[in-house]
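Enquirer: One structure, as structure tokens, below. Some questions next.
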Amino acid sequence: MTDRFGGKVVLVTGAGSGIGRASALAFAREGATVVAAARGSEGIKETVALIEAAGGTASAVVADVSKADEVANLIRTTVEQHGGLHIAHNNAGVFPKPGPVGDTDLEVWQRAIDINLTGLLLSLKYEIQYMRDNGGGAIVNTSSNIGAHGRRPGMAAYAASKAAASTLTRVAALDHIKDGIRINAVSPGATDTSMSLRPGEDADGRAERLASVVPIGRVGGTDEIVSAVLWLASDEAAFVVGHDLVADGGVTA
Ligand SMILES: NC(=O)c1ccc[n+]([C@@H]2O[C@H](COP(=O)([O-])OP(=O)(O)OC[C@H]3O[C@@H](n4cnc5c(N)ncnc54)[C@H](OP(=O)(O)O)[C@@H]3O)[C@@H](O)[C@H]2O)c1
């Protein structure tokens, strides 16, 4: 345990698995009180149990980021339970069923936009409304490198939602830096979570597929993404505003 985030209350959305769980554990390891949020309760309860077993402090709040009333309640509950909100990692996201643009299934498209983009907007909105009246804060959004390069056939809904998430990050950062709120994004490439596995693929199959696609020759570790998140959220990045930090093993180099 270190004290880099001692005294800070940190909200992590999508904290029931993958990058979000790793983020919640890392913030807690570095002294923060963590609120772990997701739609399902099981994953976030497990995240909280892991944090508490390691000597940290956390609570779990169920919230669907695509629903305004649930996000408003998430922020209210965070403040009521822990006395404030200083840092948010907006990380909740889904990877919709791929398919060519000409065969777009509107439900698949809408779900990606609702969660990956509108969910991000709602999270920012309610976090900002609290932070701007309460001493400011730092927000890091999880976007994706696909928003920047877009070179993945069949992934229009995901790529468009993440490109918009990166753009939303920059505009929000400019809108609210004068309120004392620093907003940035991390854009991972393929990372070692279930999201980067194709249907029927295991970790070995993924390693084989990515070996020739990713310049570094391997998938990223969740902690390799999370270290960028923690840096952007920390005072070490006090002059970094509206940045989209790509961690993708060289795909967009
Ligand atoms: N893994 C990769 O290769 C990769 C690459 C680039 C970017 N990313 C991004 O990284 C983020 C985390 O993904 P991951 O790889 O860690 O995948 P993951 O393990 O599937 O985690 C996604 C998390 O988001 C939550 N979530 C989904 N929809 C939600 C909603 N409507 N409201 C609240 N929470 C919701 C999920 O829990 P519930 O289902 O219980 O809600 C889960 O906790 C996503 O934004 C993803 O797009 C991942």
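The values are calculated or read from the model by the stated rules, or taken from the named source; none is laboratory data. Only a predicted model underlies this, so the values are computations on that prediction, with no experimental measurement involved. With ideal geometry, Cβ positions are generated from the backbone for all residues, glycine too; neighbour counts draw on all protein chains shown.
Enquirer: Taking region 231-250 only, how many residues are in a helix (DSSP H, G or I) and surrounded by fewer than 21 Cβ atoms within 10 Å (Cβ to Cβ)?
Expert: Step one: filter region 231-250 for residues in a helix (DSSP H, G or I), giving 231-233, 235-237.
So of that shortlist, the ones also surrounded by fewer than 21 Cβ atoms within 10 Å (Cβ to Cβ) come out as 231, 235-237.
So the answer is 4.
Enquirer: Still on this model: If I ask for residues that are under 16 Å from the mean Cα position of the chain (by Cα), part of a loop (DSSP other than H, G, I, E, B), buried (at least 23 other Cβ atoms within 10 Å of the Cβ) and free of Cβ contacts under 8 Å to residues at least 60 places away in the same chain, which ones from region 1-42 would you list?
Expert: Once the filter is applied, which keeps residues that are under 16 Å from the mean Cα position of the chain (by Cα), part of a loop (DSSP other than H, G, I, E, B), buried (at least 23 other Cβ atoms within 10 Å of the Cβ) and free of Cβ contacts under 8 Å to residues at least 60 places away in the same chain, region 1-42 yields only 16.
Enquirer: Something else: Taking residue 161 as the residue in question, decide whether it is buried (at least 21 other Cβ atoms within 10 Å of the Cβ), within 9 Å of the ligand (Cβ to nearest atom) and under 13 Å from the mean Cα position of the chain (by Cα).
Expert: It is false that residue 161 is buried (at least 21 other Cβ atoms within 10 Å of the Cβ), within 9 Å of the ligand (Cβ to nearest atom) and under 13 Å from the mean Cα position of the chain (by Cα).
Enquirer: Now, a different point. Under 6 Å between Cβ atoms, which residue pairs at least 6 apart in sequence (or on different chains) link something in region 214-230 that is crowded, with 16+ Cβ neighbours inside 10 Å and hydroxyl-bearing (Ser, Thr, Tyr) with a partner that is at pLDDT 95 or above and assigned to a helix (DSSP H, G or I)?
Expert: That search, which allows pairs on different chains as well, returns 222/19; 222/22.
Enquirer: Might you let me know whether region 207-223 holds any residue that is of a type in the set (Lys, Arg), within 14 Å of the ligand (Cβ to nearest atom) and assigned to a helix (DSSP H, G or I)?
Expert: Yes.
Enquirer: In contact with a helix residue (DSSP H, G or I) (Cβ under 8 Å, 6 or more places away or on another chain) and of a type in the set (A, V, I, L, M, F, W, C): which single residue out of 106, 121 fits that description?
Expert: 121
Enquirer: Let me ask something additional. Those residues that are at positive phi and either without any contact (Cβ under 8 Å) to a residue 12 or more places away in the chain or out of contact with any strand residue (DSSP E or B) (no Cβ under 8 Å at 6 or more places or on another chain) (or both), I need them from region 104-142; list them, please.
Expert: Selection gives 135 alone.
Enquirer: Ok, one more. Answer yes or no: is there a residue in region 161-180 that is over 21 Å from residue 240 (Cα atoms) and either in contact (Cβ under 8 Å) with a residue 60 or more places away in the chain or in a helix (DSSP H, G or I) (or both). I'd like the intermediate steps shown before the answer.
Expert: Initially, region 161-180 is screened for residues over 21 Å from residue 240 (Cα atoms), giving 161.
Restricting the remaining residues to those that are either in contact (Cβ under 8 Å) with a residue 60 or more places away in the chain or in a helix (DSSP H, G or I) (or both) gives 161.
Looking for residues that are over 21 Å from residue 240 (Cα atoms) and either in contact (Cβ under 8 Å) with a residue 60 or more places away in the chain or in a helix (DSSP H, G or I) (or both), one finds at least one in region 161-180, hence yes.
Enquirer: Within the group 137, 180, 150, which residue is at pLDDT below 95 and either more than 12 Å from the ligand (Cβ to nearest atom) or in contact with a helix residue (DSSP H, G or I) (Cβ under 7 Å, 6 or more places away or on another chain) (or both)?
Expert: 150
Enquirer: If you don't mind, another one. Among the residues of region 43-58, which ones are surrounded by fewer than 19 Cβ atoms within 10 Å (Cβ to Cβ), of a type outside the set (Asp, Glu) and either at positive phi or more than 13 Å from the ligand (Cβ to nearest atom) (or both)?
Expert: Residues satisfying the conditions are 49, 50, 53, 54, 55, 57.
Enquirer: How many residues does region 59-83 hold that are more than 14 Å from the ligand (Cβ to nearest atom) and assigned to a strand (DSSP E or B)?
Expert: Result for region 59-83: 1.
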